[in-house]
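Presented below is the structure to which this report refers.
The values are calculated or read from the model by the stated rules, or taken from the named source; none is laboratory data. No experiment lies behind these values; they were computed from the predicted model shown. So basically every Cβ, Gly included, is an ideal-geometry build from the backbone, and we count neighbours across all protein chains shown.
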Ligand SMILES: *Cc1c(COP(=O)(O)O)cnc(C)c1O
(Lines give C-alpha, C1' and ligand atoms only; values in the text may rest on other atoms or scores of the structure.)
Protein backbone atom coordinates (compact mmCIF):
# COMPACT_ATOMS: atom_id res chain seq x y z
CA UNK A 1 0.00 0.00 0.00
CA UNK A 2 1.28 3.51 -0.78
CA UNK A 3 2.14 5.37 2.38
CA UNK A 4 -0.69 7.83 2.86
CA UNK A 5 1.37 10.57 4.38
CA UNK A 6 2.12 14.22 3.82
CA UNK A 7 4.86 16.41 5.21
CA UNK A 8 3.95 19.15 7.63
CA UNK A 9 6.43 22.03 7.21
CA UNK A 10 7.44 22.44 10.85
CA UNK A 11 7.73 18.70 11.43
CA UNK A 12 9.81 18.01 8.37
CA UNK A 13 9.68 15.32 5.73
CA UNK A 14 11.22 12.79 8.08
CA UNK A 15 8.10 12.54 10.23
CA UNK A 16 5.32 10.76 8.41
CA UNK A 17 1.99 12.33 9.22
CA UNK A 18 -1.15 10.48 8.16
CA UNK A 19 -3.10 12.37 5.49
CA UNK A 20 -6.64 13.54 6.06
CA UNK A 21 -9.28 11.53 4.24
CA UNK A 22 -11.46 13.53 1.86
CA UNK A 23 -15.25 13.32 2.20
CA UNK A 24 -17.16 10.93 -0.06
CA UNK A 25 -18.79 14.03 -1.55
CA UNK A 26 -15.39 15.35 -2.54
CA UNK A 27 -14.37 12.03 -4.11
CA UNK A 28 -17.62 11.68 -6.06
CA UNK A 29 -18.01 12.21 -9.80
CA UNK A 30 -21.41 12.52 -11.53
CA UNK A 31 -22.51 9.33 -13.26
CA UNK A 32 -20.12 7.02 -11.43
CA UNK A 33 -21.60 4.11 -9.49
CA UNK A 34 -21.56 0.49 -8.47
CA UNK A 35 -24.64 -0.32 -10.52
CA UNK A 36 -25.81 -3.15 -8.26
CA UNK A 37 -29.37 -1.95 -7.63
CA UNK A 38 -31.41 -2.07 -10.82
CA UNK A 39 -34.23 0.43 -11.15
CA UNK A 40 -36.65 -2.41 -11.97
CA UNK A 41 -36.16 -3.71 -8.40
CA UNK A 42 -37.46 -0.46 -6.95
CA UNK A 43 -40.57 -0.62 -9.14
CA UNK A 44 -42.46 -2.63 -6.51
CA UNK A 45 -42.49 0.29 -4.09
CA UNK A 46 -46.00 1.78 -4.12
CA UNK A 47 -46.25 5.07 -5.90
CA UNK A 48 -47.20 6.97 -2.73
CA UNK A 49 -43.89 6.08 -1.05
CA UNK A 50 -41.59 6.86 -3.97
CA UNK A 51 -39.33 9.87 -3.93
CA UNK A 52 -40.28 12.77 -6.17
CA UNK A 53 -36.72 13.95 -6.66
CA UNK A 54 -33.62 11.72 -6.52
CA UNK A 55 -31.55 11.70 -3.33
CA UNK A 56 -28.42 13.76 -3.75
CA UNK A 57 -25.99 11.02 -2.85
CA UNK A 58 -22.31 11.05 -3.80
CA UNK A 59 -21.65 8.88 -6.86
CA UNK A 60 -18.64 6.60 -6.48
CA UNK A 61 -17.27 3.24 -7.56
CA UNK A 62 -17.47 0.50 -4.94
CA UNK A 63 -13.70 0.25 -4.27
CA UNK A 64 -13.59 3.98 -3.59
CA UNK A 65 -16.20 3.56 -0.88
CA UNK A 66 -14.46 0.55 0.64
CA UNK A 67 -11.09 2.34 0.65
CA UNK A 68 -12.61 5.47 2.12
CA UNK A 69 -13.90 3.61 5.16
CA UNK A 70 -10.75 1.53 5.47
CA UNK A 71 -8.65 4.72 5.48
CA UNK A 72 -10.90 6.21 8.13
CA UNK A 73 -10.53 3.06 10.24
CA UNK A 74 -6.74 3.32 9.89
CA UNK A 75 -6.86 6.89 11.22
CA UNK A 76 -8.84 5.72 14.24
CA UNK A 77 -7.16 5.05 17.57
CA UNK A 78 -8.75 2.25 19.53
CA UNK A 79 -8.07 -0.21 22.32
CA UNK A 80 -7.10 -2.65 19.58
CA UNK A 81 -4.28 -0.32 18.48
CA UNK A 82 -2.90 0.82 21.82
CA UNK A 83 -3.38 1.76 25.46
CA UNK A 84 -6.37 4.00 26.08
CA UNK A 85 -6.11 5.28 29.66
CA UNK A 86 -9.25 7.44 29.53
CA UNK A 87 -10.20 7.70 33.21
CA UNK A 88 -13.78 6.84 34.19
CA UNK A 89 -14.46 5.32 30.76
CA UNK A 90 -12.85 1.88 31.35
CA UNK A 91 -11.46 1.48 27.87
CA UNK A 92 -10.24 -2.06 28.34
CA UNK A 93 -9.57 -4.75 25.79
CA UNK A 94 -12.77 -6.51 24.77
CA UNK A 95 -12.34 -10.20 23.95
CA UNK A 96 -13.41 -10.96 20.37
CA UNK A 97 -15.38 -14.03 21.43
CA UNK A 98 -17.94 -11.61 22.92
CA UNK A 99 -18.65 -10.21 19.46
CA UNK A 100 -18.88 -13.69 18.05
CA UNK A 101 -21.63 -14.70 20.47
CA UNK A 102 -23.45 -11.38 20.12
CA UNK A 103 -23.58 -11.91 16.35
CA UNK A 104 -25.52 -15.17 16.92
CA UNK A 105 -28.44 -12.99 18.02
CA UNK A 106 -28.13 -10.38 15.29
CA UNK A 107 -31.46 -11.16 13.63
CA UNK A 108 -33.51 -11.29 16.82
CA UNK A 109 -36.53 -9.02 16.60
CA UNK A 110 -37.27 -7.07 19.79
CA UNK A 111 -40.97 -7.97 19.60
CA UNK A 112 -40.42 -11.68 18.87
CA UNK A 113 -42.68 -13.95 20.94
CA UNK A 114 -41.38 -15.57 24.10
CA UNK A 115 -42.43 -18.90 22.56
CA UNK A 116 -39.67 -18.80 19.94
CA UNK A 117 -37.07 -17.09 22.14
CA UNK A 118 -36.78 -19.26 25.23
CA UNK A 119 -32.97 -19.35 25.01
CA UNK A 120 -32.84 -15.57 24.69
CA UNK A 121 -35.00 -15.12 27.76
CA UNK A 122 -32.94 -17.70 29.67
CA UNK A 123 -29.78 -15.74 28.89
CA UNK A 124 -31.38 -12.45 29.97
CA UNK A 125 -32.76 -14.00 33.14
CA UNK A 126 -29.44 -15.57 34.06
CA UNK A 127 -27.64 -12.29 33.41
CA UNK A 128 -30.06 -10.53 35.74
CA UNK A 129 -29.33 -13.08 38.46
CA UNK A 130 -25.55 -12.76 37.92
CA UNK A 131 -25.70 -8.97 38.18
CA UNK A 132 -27.89 -9.17 41.28
CA UNK A 133 -25.33 -11.48 42.90
CA UNK A 134 -22.35 -9.28 41.97
CA UNK A 135 -24.01 -6.09 43.25
CA UNK A 136 -25.73 -7.60 46.30
CA UNK A 137 -29.14 -6.46 45.03
CA UNK A 138 -32.45 -8.36 44.67
CA UNK A 139 -33.83 -7.50 41.23
CA UNK A 140 -32.54 -6.15 37.94
CA UNK A 141 -33.91 -4.46 34.83
CA UNK A 142 -31.82 -4.82 31.69
CA UNK A 143 -33.67 -2.12 29.76
CA UNK A 144 -31.58 1.07 30.17
CA UNK A 145 -29.18 1.38 27.27
CA UNK A 146 -26.55 3.58 28.94
CA UNK A 147 -25.34 4.59 32.35
CA UNK A 148 -27.03 7.95 32.02
CA UNK A 149 -30.33 6.34 31.01
CA UNK A 150 -30.08 4.06 34.03
CA UNK A 151 -29.63 7.08 36.30
CA UNK A 152 -32.73 8.58 34.70
CA UNK A 153 -34.62 5.30 35.19
CA UNK A 154 -33.60 5.08 38.84
CA UNK A 155 -34.69 8.63 39.54
CA UNK A 156 -38.09 7.90 37.96
CA UNK A 157 -38.22 4.87 40.27
CA UNK A 158 -37.37 7.14 43.24
CA UNK A 159 -40.20 9.47 42.20
CA UNK A 160 -42.68 6.61 41.96
CA UNK A 161 -41.52 5.24 45.32
CA UNK A 162 -42.00 8.57 47.10
CA UNK A 163 -45.29 9.23 45.29
CA UNK A 164 -46.56 5.84 46.47
CA UNK A 165 -45.92 6.94 50.04
CA UNK A 166 -47.70 10.24 49.56
CA UNK A 167 -44.44 12.21 49.59
CA UNK A 168 -44.06 12.80 45.86
CA UNK A 169 -44.82 16.52 45.95
CA UNK A 170 -42.62 17.16 48.96
CA UNK A 171 -39.44 15.29 47.99
CA UNK A 172 -38.18 17.25 45.04
CA UNK A 173 -34.45 17.57 45.68
CA UNK A 174 -31.53 15.30 44.74
CA UNK A 175 -28.11 15.71 46.31
CA UNK A 176 -24.89 14.95 44.38
CA UNK A 177 -21.24 15.24 45.46
CA UNK A 178 -19.06 17.87 43.75
CA UNK A 179 -16.93 15.06 42.31
CA UNK A 180 -19.93 13.46 40.52
CA UNK A 181 -19.92 12.55 36.85
CA UNK A 182 -21.81 15.24 34.91
CA UNK A 183 -24.56 12.80 33.99
CA UNK A 184 -25.68 12.62 37.67
CA UNK A 185 -26.93 16.20 38.06
CA UNK A 186 -28.10 16.18 34.43
CA UNK A 187 -30.29 13.08 34.97
CA UNK A 188 -31.74 14.59 38.15
CA UNK A 189 -32.58 17.82 36.34
CA UNK A 190 -34.16 15.88 33.46
CA UNK A 191 -36.41 14.16 36.01
CA UNK A 192 -37.53 17.57 37.22
CA UNK A 193 -35.58 17.50 40.48
CA UNK A 194 -33.72 20.42 42.03
CA UNK A 195 -30.04 19.56 42.47
CA UNK A 196 -27.91 20.36 45.51
CA UNK A 197 -24.16 19.80 45.43
CA UNK A 198 -22.18 18.78 48.51
CA UNK A 199 -18.45 19.26 48.70
CA UNK A 200 -15.74 16.67 49.20
CA UNK A 201 -13.55 16.67 52.29
CA UNK A 202 -9.77 16.92 52.41
CA UNK A 203 -9.40 13.14 51.88
CA UNK A 204 -11.58 13.13 48.79
CA UNK A 205 -14.63 11.61 50.50
CA UNK A 206 -18.11 13.10 50.61
CA UNK A 207 -18.05 15.69 53.41
CA UNK A 208 -20.42 13.98 55.85
CA UNK A 209 -21.21 17.14 57.80
CA UNK A 210 -22.00 19.04 54.61
CA UNK A 211 -24.23 16.15 53.53
CA UNK A 212 -26.05 16.10 56.89
CA UNK A 213 -26.62 19.85 56.61
CA UNK A 214 -28.04 19.45 53.11
CA UNK A 215 -30.46 16.64 54.03
CA UNK A 216 -34.07 17.42 54.86
CA UNK A 217 -37.68 16.30 54.37
CA UNK A 218 -37.62 17.62 50.79
CA UNK A 219 -34.76 15.31 49.72
CA UNK A 220 -35.70 12.41 47.42
CA UNK A 221 -32.26 10.88 47.25
CA UNK A 222 -28.50 11.05 47.09
CA UNK A 223 -26.35 9.90 44.15
CA UNK A 224 -22.99 8.41 45.04
CA UNK A 225 -20.23 6.90 42.92
CA UNK A 226 -18.08 4.36 44.72
CA UNK A 227 -15.19 4.22 44.18
CA UNK A 228 -15.72 7.88 43.41
CA UNK A 229 -14.42 9.71 40.37
CA UNK A 230 -11.11 10.31 42.16
CA UNK A 231 -10.68 6.53 42.11
CA UNK A 232 -11.04 6.47 45.90
CA UNK A 233 -13.22 4.21 48.00
CA UNK A 234 -15.67 6.24 50.11
CA UNK A 235 -14.34 5.59 53.60
CA UNK A 236 -17.62 6.37 55.39
CA UNK A 237 -20.02 4.95 52.85
CA UNK A 238 -22.19 3.23 55.47
CA UNK A 239 -22.57 6.41 57.52
CA UNK A 240 -23.41 8.30 54.32
CA UNK A 241 -26.16 5.79 53.45
CA UNK A 242 -27.49 5.77 57.03
CA UNK A 243 -27.70 9.57 57.11
CA UNK A 244 -29.67 9.67 53.83
CA UNK A 245 -32.03 6.90 54.96
CA UNK A 246 -32.61 8.61 58.33
CA UNK A 247 -33.84 11.66 56.39
CA UNK A 248 -36.23 9.45 54.38
CA UNK A 249 -34.16 9.64 51.18
CA UNK A 250 -32.93 6.85 48.91
CA UNK A 251 -29.31 6.21 47.93
CA UNK A 252 -28.46 5.79 44.26
CA UNK A 253 -25.21 4.05 43.38
CA UNK A 254 -23.45 5.11 40.20
CA UNK A 255 -21.77 1.79 39.47
CA UNK A 256 -19.82 2.87 36.41
CA UNK A 257 -16.68 2.15 38.43
CA UNK A 258 -17.76 -1.40 39.31
CA UNK A 259 -14.57 -2.70 37.72
CA UNK A 260 -12.75 -1.95 40.95
CA UNK A 261 -15.28 -3.64 43.21
CA UNK A 262 -15.67 -6.95 41.39
CA UNK A 263 -15.45 -9.63 44.03
CA UNK A 264 -14.17 -7.09 46.58
CA UNK A 265 -17.32 -5.31 47.81
CA UNK A 266 -21.02 -5.22 46.93
CA UNK A 267 -23.05 -1.98 46.83
CA UNK A 268 -26.04 -3.86 48.25
CA UNK A 269 -24.02 -4.69 51.38
CA UNK A 270 -22.83 -1.09 51.75
CA UNK A 271 -26.30 0.41 52.10
CA UNK A 272 -27.23 1.47 48.56
CA UNK A 273 -30.88 1.08 47.51
CA UNK A 274 -29.93 0.58 43.88
CA UNK A 275 -26.92 0.67 41.60
CA UNK A 276 -26.46 0.80 37.86
CA UNK A 277 -23.83 -1.21 36.05
CA UNK A 278 -22.13 0.18 32.97
CA UNK A 279 -22.03 -3.16 31.23
CA UNK A 280 -20.11 -1.71 28.26
CA UNK A 281 -17.34 -0.64 30.63
CA UNK A 282 -17.01 -3.30 33.32
CA UNK A 283 -18.22 -6.25 31.27
CA UNK A 284 -16.48 -5.35 28.06
CA UNK A 285 -18.16 -4.02 24.95
CA UNK A 286 -16.19 -1.78 22.57
CA UNK A 287 -17.63 1.67 23.21
CA UNK A 288 -16.97 5.31 22.59
CA UNK A 289 -18.40 8.37 20.88
CA UNK A 290 -21.78 7.78 22.51
CA UNK A 291 -22.34 4.06 22.36
CA UNK A 292 -23.22 1.30 22.21
CA UNK A 293 -23.99 0.64 25.83
CA UNK A 294 -26.20 -1.02 28.39
CA UNK A 295 -26.85 0.15 31.92
CA UNK A 296 -28.83 -2.47 33.85
CA UNK A 297 -30.35 -1.12 37.05
CA UNK A 298 -30.07 -3.38 40.10
CA UNK A 299 -32.40 -2.64 43.02
CA UNK A 300 -33.29 -3.80 46.51
CA UNK A 301 -36.70 -5.50 46.89
CA UNK A 302 -38.49 -2.36 48.11
CA UNK A 303 -37.93 -0.68 44.72
CA UNK A 304 -38.96 -3.65 42.58
CA UNK A 305 -42.63 -2.68 42.04
CA UNK A 306 -41.49 0.45 40.20
CA UNK A 307 -39.02 -1.19 37.79
CA UNK A 308 -39.71 -0.85 34.05
CA UNK A 309 -41.91 -3.53 32.52
CA UNK A 310 -42.27 -6.07 31.10
CA UNK A 311 -40.32 -8.20 33.54
CA UNK A 312 -38.72 -11.48 32.53
CA UNK A 313 -40.11 -14.27 34.70
CA UNK A 314 -39.17 -17.90 35.13
CA UNK A 315 -41.97 -20.40 35.73
CA UNK A 316 -41.85 -23.47 37.96
CA UNK A 317 -41.46 -25.70 34.89
CA UNK A 318 -38.31 -23.83 33.83
CA UNK A 319 -39.92 -21.87 30.99
CA UNK A 320 -39.68 -18.10 30.63
CA UNK A 321 -42.07 -15.37 29.58
CA UNK A 322 -42.69 -11.65 29.79
CA UNK A 323 -44.79 -10.57 32.73
CA UNK A 324 -47.10 -7.91 31.39
CA UNK A 325 -49.78 -8.75 33.95
CA UNK A 326 -49.14 -5.49 35.72
CA UNK A 327 -50.78 -3.77 32.77
CA UNK A 328 -54.12 -5.52 33.42
CA UNK A 329 -54.60 -5.48 37.13
CA UNK A 330 -55.38 -2.90 39.78
CA UNK A 331 -52.46 -0.58 40.58
CA UNK A 332 -50.37 -1.54 43.60
CA UNK A 333 -51.43 0.39 46.70
CA UNK A 334 -47.93 1.84 47.08
CA UNK A 335 -47.43 2.67 43.39
CA UNK A 336 -46.65 0.92 40.16
CA UNK A 337 -44.08 0.35 37.41
CA UNK A 338 -42.72 3.46 35.73
CA UNK A 339 -43.47 1.86 32.34
CA UNK A 340 -41.11 0.88 29.54
CA UNK A 341 -37.72 2.55 29.14
CA UNK A 342 -36.48 0.54 26.17
CA UNK A 343 -38.52 -2.26 24.77
CA UNK A 344 -38.20 -5.64 26.38
CA UNK A 345 -34.56 -6.72 26.36
CA UNK A 346 -32.75 -3.39 26.11
CA UNK A 347 -29.58 -3.24 24.03
CA UNK A 348 -29.37 -6.98 23.73
CA UNK A 349 -26.07 -7.36 21.82
CA UNK A 350 -24.22 -5.54 24.59
CA UNK A 351 -25.90 -7.76 27.18
CA UNK A 352 -24.85 -10.91 25.30
CA UNK A 353 -21.26 -9.65 25.30
CA UNK A 354 -21.45 -9.12 29.07
CA UNK A 355 -22.92 -12.58 29.60
CA UNK A 356 -20.18 -14.17 27.49
CA UNK A 357 -17.49 -12.19 29.27
CA UNK A 358 -18.75 -13.18 32.71
CA UNK A 359 -19.24 -16.83 31.83
CA UNK A 360 -15.80 -17.17 30.23
CA UNK A 361 -14.09 -15.59 33.26
CA UNK A 362 -16.15 -17.32 35.94
CA UNK A 363 -16.31 -16.16 39.55
CA UNK A 364 -12.58 -16.44 40.15
CA UNK A 365 -11.71 -14.66 36.92
CA UNK A 366 -13.96 -11.74 37.82
CA UNK A 367 -12.36 -11.39 41.24
CA UNK A 368 -8.94 -11.42 39.57
CA UNK A 369 -10.12 -8.77 37.09
CA UNK A 370 -11.00 -6.34 39.87
CA UNK A 371 -7.75 -6.93 41.69
CA UNK A 372 -5.63 -6.58 38.55
CA UNK A 373 -7.38 -3.28 37.69
CA UNK A 374 -6.42 -1.95 41.15
CA UNK A 375 -2.89 -3.31 40.90
CA UNK A 376 -2.32 -1.72 37.47
CA UNK A 377 -3.48 1.70 38.69
CA UNK A 378 -1.32 1.57 41.80
CA UNK A 379 1.72 0.41 39.83
CA UNK A 380 1.32 3.23 37.33
CA UNK A 381 0.82 5.82 40.05
CA UNK A 382 4.04 4.69 41.72
CA UNK A 383 5.91 5.34 38.44
CA UNK A 384 4.41 8.82 37.98
CA UNK A 385 4.19 10.29 41.47
CA UNK A 386 7.67 11.85 41.46
CA UNK A 387 7.10 14.13 38.51
CA UNK A 388 3.40 14.89 38.90
CA UNK A 389 1.32 16.12 41.83
CA UNK A 390 -1.18 13.55 43.12
CA UNK A 391 -4.64 14.85 43.93
CA UNK A 392 -5.90 13.43 47.25
CA UNK A 393 -2.92 11.19 47.85
CA UNK A 394 -4.41 7.93 49.09
CA UNK A 395 -4.23 4.37 47.83
CA UNK A 396 -6.45 4.49 44.74
CA UNK A 397 -8.66 1.74 43.40
CA UNK A 398 -8.80 1.22 39.59
CA UNK A 399 -7.91 4.79 38.57
CA UNK A 400 -6.19 7.86 39.97
CA UNK A 401 -6.11 11.59 39.37
CA UNK A 402 -2.91 13.57 38.87
CA UNK A 403 -2.71 17.33 38.75
CA UNK A 404 -0.51 19.05 36.18
CA UNK A 405 -0.44 22.24 38.28
CA UNK A 406 3.36 22.07 38.54
CA UNK A 407 3.67 21.75 34.75
CA UNK A 408 1.12 24.53 34.24
CA UNK A 409 3.37 26.89 36.21
CA UNK A 410 6.25 25.84 33.97
CA UNK A 411 4.27 26.70 30.84
CA UNK A 412 2.30 23.63 29.67
CA UNK A 413 -1.17 22.63 30.83
CA UNK A 414 -2.92 19.28 31.27
CA UNK A 415 -4.41 19.82 27.80
CA UNK A 416 -0.93 20.35 26.31
CA UNK A 417 0.28 17.14 27.94
CA UNK A 418 -2.75 15.27 26.62
CA UNK A 419 -2.00 16.47 23.08
CA UNK A 420 1.68 15.64 23.45
CA UNK A 421 0.78 12.06 24.42
CA UNK A 422 -0.80 11.63 20.98
CA UNK A 423 2.66 12.12 19.44
CA UNK A 424 4.03 9.57 21.90
CA UNK A 425 1.58 7.00 20.49
CA UNK A 426 -0.90 6.94 23.37
CA UNK A 427 -4.49 7.99 23.72
CA UNK A 428 -4.65 10.85 26.24
CA UNK A 429 -6.18 10.37 29.67
CA UNK A 430 -9.34 12.19 30.73
CA UNK A 431 -8.43 15.81 31.51
CA UNK A 432 -10.14 18.56 33.54
CA UNK A 433 -12.37 16.00 35.27
CA UNK A 434 -13.22 15.63 38.12
CA UNK A 435 -13.86 19.34 38.32
CA UNK A 436 -12.52 19.65 41.86
CA UNK A 437 -8.91 18.94 40.79
CA UNK A 438 -7.07 21.78 39.01
CA UNK A 439 -5.34 20.64 35.78
CA UNK A 440 -6.74 17.14 36.37
CA UNK A 441 -5.41 14.13 34.49
CA UNK A 442 -7.54 11.09 35.29
CA UNK A 443 -5.78 7.86 34.41
CA UNK A 444 -7.37 4.41 34.23
CA UNK A 445 -4.98 1.80 32.86
CA UNK A 446 -7.42 -1.16 33.27
CA UNK A 447 -6.46 -4.75 34.04
CA UNK A 448 -5.87 -5.73 30.43
CA UNK A 449 -2.62 -3.80 29.86
CA UNK A 450 0.61 -5.78 30.21
CA UNK A 451 3.37 -4.40 32.44
CA UNK A 452 5.55 -3.38 29.47
CA UNK A 453 2.78 -1.12 28.18
CA UNK A 454 2.30 0.48 31.59
CA UNK A 455 6.07 1.06 31.77
CA UNK A 456 6.11 2.63 28.29
CA UNK A 457 3.17 4.91 29.11
CA UNK A 458 4.81 6.07 32.38
CA UNK A 459 8.10 6.65 30.55
CA UNK A 460 6.33 8.79 27.94
CA UNK A 461 4.52 10.89 30.55
CA UNK A 462 7.71 11.33 32.58
CA UNK A 463 9.64 12.32 29.44
CA UNK A 464 6.99 14.95 28.77
CA UNK A 465 7.34 16.31 32.30
CA UNK A 466 11.05 16.78 31.62
CA UNK A 467 10.35 18.46 28.31
CA UNK A 468 7.89 20.83 29.97
CA UNK A 469 10.62 21.85 32.41
CA UNK A 470 13.08 22.65 29.62
CA UNK A 471 11.02 23.56 26.54
CA UNK A 472 7.32 24.05 27.35
CA UNK A 473 6.68 25.78 24.00
CA UNK A 474 7.45 22.52 22.16
CA UNK A 475 4.84 20.73 24.25
CA UNK A 476 2.29 23.47 23.58
CA UNK A 477 2.73 22.90 19.85
CA UNK A 478 1.69 19.26 19.89
CA UNK A 479 0.33 17.15 18.34
CA UNK A 480 2.60 17.24 15.33
CA UNK A 481 2.04 13.71 14.10
CA UNK A 482 -1.74 13.79 13.71
CA UNK A 483 -3.58 14.80 10.52
CA UNK A 484 -5.33 17.57 12.45
CA UNK A 485 -3.67 19.51 15.24
CA UNK A 486 -5.64 21.52 17.80
CA UNK A 487 -9.36 21.62 17.19
CA UNK A 488 -12.03 23.97 18.43
CA UNK A 489 -13.47 21.33 20.77
CA UNK A 490 -16.22 23.53 22.18
CA UNK A 491 -17.22 24.58 18.67
CA UNK A 492 -17.31 20.93 17.58
CA UNK A 493 -19.79 20.18 20.37
CA UNK A 494 -21.84 23.37 20.25
CA UNK A 495 -21.84 24.24 16.56
CA UNK A 496 -21.23 20.95 14.77
CA UNK A 497 -21.24 21.06 10.97
CA UNK A 498 -23.01 17.84 10.04
CA UNK A 499 -24.21 18.63 6.58
CA UNK A 500 -22.19 18.82 3.38
CA UNK A 501 -22.67 21.91 1.28
CA UNK A 502 -20.90 22.19 -2.03
CA UNK A 503 -19.08 25.49 -1.95
C1 LIG B 1 -19.41 6.56 32.09
C2 LIG B 1 -19.99 7.06 33.35
C3 LIG B 1 -21.35 7.44 33.42
C4 LIG B 1 -22.26 7.52 32.22
O5 LIG B 1 -22.40 6.32 31.53
P6 LIG B 1 -22.88 6.30 30.00
O7 LIG B 1 -23.08 4.87 29.69
O8 LIG B 1 -21.78 6.94 29.22
O9 LIG B 1 -24.14 7.09 29.91
C10 LIG B 1 -21.85 7.82 34.65
N11 LIG B 1 -21.06 7.86 35.75
C12 LIG B 1 -19.75 7.53 35.71
C13 LIG B 1 -18.94 7.58 36.97
C14 LIG B 1 -19.17 7.12 34.51
O15 LIG B 1 -17.88 6.80 34.47
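For region 117-143, filtered to residues that are closer than 20 Å to residue 221 by Cα and away from the ligand (no atom under 16 Å from the Cβ), the residue that is nearest to the chain's Cα centre (by Cα) is 140. Counting only strands (runs of 3 or more DSSP E) wholly contained in region 241-331, the ones carrying 3 or more residues that are buried (at least 24 other Cβ atoms within 10 Å of the Cβ) occupy 250-255, 274-277, 297-299. Of everything in region 144-160 that is surrounded by 23 or more Cβ atoms within 10 Å (Cβ to Cβ) and away from the ligand (no atom under 12 Å from the Cβ), the residue that is farthest from residue 293 (Cα to Cα) is 158. Please verify whether region 405-422 includes one or more residues that are within 19 Å of the chain's Cα centre (by Cα) and not in a strand (DSSP E or B). Scanning region 405-422, I find no residue that is within 19 Å of the chain's Cα centre (by Cα) and not in a strand (DSSP E or B), so the answer is no.
Among the residues of region 74-116, the ones that are away from the ligand (no atom under 16 Å from the Cβ) and not in a loop (DSSP other than H, G, I, E, B) come to 13 in all. Just one of the listed residues (290, 255) is farther than 23 Å from residue 377 by Cβ and within 12 Å of the ligand (Cβ to nearest atom), and it is 290.
For the residues 326, 304, the requirement of being more than 13 Å from the ligand (Cβ to nearest atom), under 27 Å from residue 221 (Cβ atoms), at pLDDT below 90 and assigned by TED's automatic domain parsing to the domain that holds residue 119 singles out 326. Anything in region 433-476 that is within 25 Å of residue 204 (Cα to Cα), surrounded by fewer than 16 Cβ atoms within 10 Å (Cβ to Cβ) and free of Cβ contacts under 8 Å to residues at least 60 places away in the same chain? List them, or say none. Selection gives 438 alone.
Here is a yes/no grid of residues against (1) over 14 Å from residue 245 (Cα atoms); (2) away from the ligand (no atom under 15 Å from the Cβ); (3) in a strand (DSSP E or B); (4) touching a residue at least 24 places away in the same chain (Cβ under 8 Å):
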site: 168; (1), (2), (3), (4): yes, yes, no, no
site: 171; (1), (2), (3), (4): no, yes, no, yes
site: 175; (1), (2), (3), (4): no, yes, yes, yes
site: 181; (1), (2), (3), (4): yes, no, no, yes
site: 196; (1), (2), (3), (4): yes, yes, yes, no
site: 204; (1), (2), (3), (4): yes, no, no, yes
site: 210; (1), (2), (3), (4): yes, yes, no, no
site: 216; (1), (2), (3), (4): no, yes, no, yes
site: 220; (1), (2), (3), (4): no, yes, yes, yes
